[in-house]
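Novice: This is the structure I want to talk about, given as C-alpha cells.
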Amino acid sequence: MIIDAHAHIMLAVNGQTATGATTSLSWGRARWGDETIQLLPPFAEATSFSAETLLAQMDWAGVERAVLLQGPFYGEANAYVASAVKRWSHRFLGAFAPDPRDRDVRLQFQQCVDEHGLRVVKFELTETTGLTGRYPDLDIDSAEFHWIYEVAQRRNLVVTFDLGKPGSASYQTESVAAIARRYPALNIVIAHLGQPPIARPDDDALNAAWTDQILLGQLPNVYFDTSALPAYAPDYDEYPYVVAQDYIRRAVELISADKIMWGTDVPGLLTSGSYRQLLNMIRVHCDFLSAEQKAQILGQNAARVYWSA
C-alpha cells in the first residue's frame, strides 16, 4: 500500500497570509499579496486542484490513499475536504487547521470533528504563510493550545505541524518535545522532514538545528513526512533530487525508517516534478533503503499513524 501523507485539494485559492491575501488567477497562476506567482503548472485554465484531480493523479501513480491537509495559503476548505472524505472514505482522511486565537475556535473544532468527521488537526506555523506570521509571540506549547492537544489525545486525533525553516520563530523544536512528553498517547507528525537546508547543505548551524528537530523522532509519538523536499532544492538539483535523498538517508540513520512517511504537498509541488516523480524519488531512486524500509515509508507508517482510530 502506498499513501500520500501530505496532499491538498481546493476548488480555488482563497487564503490569507502575513504578506497578503491569496487568490486564484488563470493557467496555474495565483495572486499572493502584490505578487503573481506560478503556483501550478499551466495545465488548465482554472487554477484549482479538485478531489477528482488528486484521485486521477493517485491512480496514475498507484497511490491508494492520501491525507488531505489544509493551510492558510489555500484557504479554509473544511466543508469541501469533508465532502471528499465522505464520498471517498476508503481513499481519503481529512484535516482542519484551527486558529487557537479565533474567538469561535472551540465551536469550529467541535464542528470539524463531530459534524465533518475530520481526524487531523493541522497547524501551519510558518512566518510566511502560517500562524507565527500573524502572531509573532505564538508558542505552540502555551496554554491556548493545551485544550486542543487534550481533546486530540482523548479523541485519537493526529496533530500535524508545519514548523517552517530552521532558525525561524516557527521552528519550535523544544515546544514539540514538551508537547510529545505531556501527551504521550497523541500522535504528532512534523511536515516536510523538518525542512532540511537542502539549498544550503554545508551550513553547519542550519544542519545542527535540523538534526535537533529530527531527533524528536526518538520520542515514541513523533513522526515526520517527506513532503515538499524538492521545492527546497537548489536550482541545479533536478529529479531525482539527490540532495533531498541525502537528507532522507540522514533522517533514517538518526531515527529509523519507521518514523518517516512519504508525502508530496501537491498541488504546489507539481511545479517541481510530476506526481510520479515525487513518488519515484523514494520508490525507485533511494537505493540506500531496503525493500522493507521503502514499504514502511511509502505506506505502512502512514496507515499506522493516521488510520489507527
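Novice: Quick one: in the range 30-72, of everything that is buried (at least 18 other Cβ atoms within 10 Å of the Cβ) and of a type in the set (Phe, Trp, Tyr), which residue is farthest from Thr17 (Cα to Cα)?
Specialist: Here the answer is Phe49.
Novice: Right, here's the next one. Can you name the residue in the range 149-167 that is of a type in the set (Gly, Ala, Ser) and within 30 Å of Arg200 (Cβ to Cβ) and, of all such residues, is farthest from the chain's Cα centre (by Cα)?
Specialist: Gly167
Novice: Just one of Ala191, Ala209, Ala180 is in contact with an Asp or Glu (Cβ under 6 Å, 6 or more places away or on another chain) and surrounded by 15 or more Cβ atoms within 10 Å (Cβ to Cβ); which is it?
Specialist: Ala191
Novice: Restricting to the range 250-309, name every residue that is more than 30 Å from Phe43 (Cβ to Cβ) and acidic (Asp, Glu).
Specialist: If the condition is that a residue be more than 30 Å from Phe43 (Cβ to Cβ) and acidic (Asp, Glu), then Glu253, Asp258, Asp287, Glu292 are the ones that fit.
Novice: List pairs: first in the range 1-21 and farther than 18 Å from Thr264 by Cβ and without any contact (Cβ under 8 Å) to a residue 40 or more places away in the chain, second surrounded by 15 or more Cβ atoms within 10 Å (Cβ to Cβ) and among the aromatic types (Phe, Trp, Tyr), Cβ under 7 Å, 6+ apart or cross-chain?
Specialist: If the second residue must be surrounded by 15 or more Cβ atoms within 10 Å (Cβ to Cβ) and among the aromatic types (Phe, Trp, Tyr), the pairs left are Gly20/Trp32.
Novice: When the residues of the range 259-308 are filtered to those that are buried (at least 16 other Cβ atoms within 10 Å of the Cβ) and among the aromatic types (Phe, Trp, Tyr), which remaining residue is farthest from Leu69 (Cα to Cα)?
Specialist: So, considering only residues that are buried (at least 16 other Cβ atoms within 10 Å of the Cβ) and among the aromatic types (Phe, Trp, Tyr), the one farthest from Leu69 (Cα to Cα) is Tyr275.
Novice: Counting just the residues of the range 220-275 that are of a type in the set (D, E, K, R) and part of a helix (DSSP H, G or I), which one comes out farthest from Asp287 (Cα to Cα)?
Specialist: Lys259
Novice: Another question about this same structure. Is the range 198-215 home to any residue that is touching a strand residue (DSSP E or B) at 6+ places or on another chain (Cβ under 8 Å), modelled with pLDDT of 95 or more and under 27 Å from Ser308 (Cβ atoms)?
Specialist: Checked against the condition, which is being touching a strand residue (DSSP E or B) at 6+ places or on another chain (Cβ under 8 Å), modelled with pLDDT of 95 or more and under 27 Å from Ser308 (Cβ atoms), the range 198-215 yields at least one hit.
Novice: Kindly indicate whether any position in the range 81-89 is at pLDDT 95 or above, under 15 Å from Gly268 (Cβ atoms) and either out of contact with any strand residue (DSSP E or B) (no Cβ under 9 Å at 6 or more places or on another chain) or not aliphatic (A, V, I, L, M) (or both).
Specialist: no
The values are calculated or read from the model by the stated rules, or taken from the named source; none is laboratory data. Quick caveat, the model's predicted, so the values are computed rather than measured. Backbone-built Cβ (ideal geometry, glycine too); neighbour counts: all protein chains shown.
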